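Scroll down for the structure; my scribbles are underneath it.
Bear in mind these aren't lab numbers, they're just calculated from the coordinates by the rules spelled out. Just so it is clear, the structure is predicted and the values come from calculations on it, not from any experiment. Heads up, the Cβs are rebuilt from the backbone with ideal geometry, glycines too, and the neighbour counts pull from every protein chain shown.
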């Protein structure tokens, strides 16, 4: 199974300053050293703000991926290559989802009811 785009973007953020909020409400801000596919994050030079507002400094921290509520990544990652729209080859229509995509595929193969419907329309 391949990893999704959000995880790829998280890997791109390695080496940059990120903000991570955990399920307990604590906010960790620091340099992302390493991120795993299950969103486990290892960070350095951390500023921790707890739910009650206390601020403290940590050298290193490891946050389990299942305990992360959300991550704030640098804006520069908006230009990451995985967000580039992939063009369709040769002007073909892109395969979609649902009934219309199935009918289009059947027409392309010369099969099914869709072929009969299109030939009747073409008269």
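Just a few scattered comments:
- Ranking of 37, 26, 52 by count of other Cβ atoms within 10 Å, fewest first: 52, 37, 26
- The radius of gyration of the Cα set in the stretch 13-58, together with its Dmax, comes out at 10.6, 31 angstrom.
- Measuring r between the beta carbons of residue 24 and residue 79 and using R0 = 25 Å, the FRET efficiency lands at 0.15.
- Placing a label point 7 Å from the Cα of residue 62 along the Cα-to-Cβ direction, the residues of the stretch 1-37 whose backbone N falls under 13 Å from that point are 34-36.
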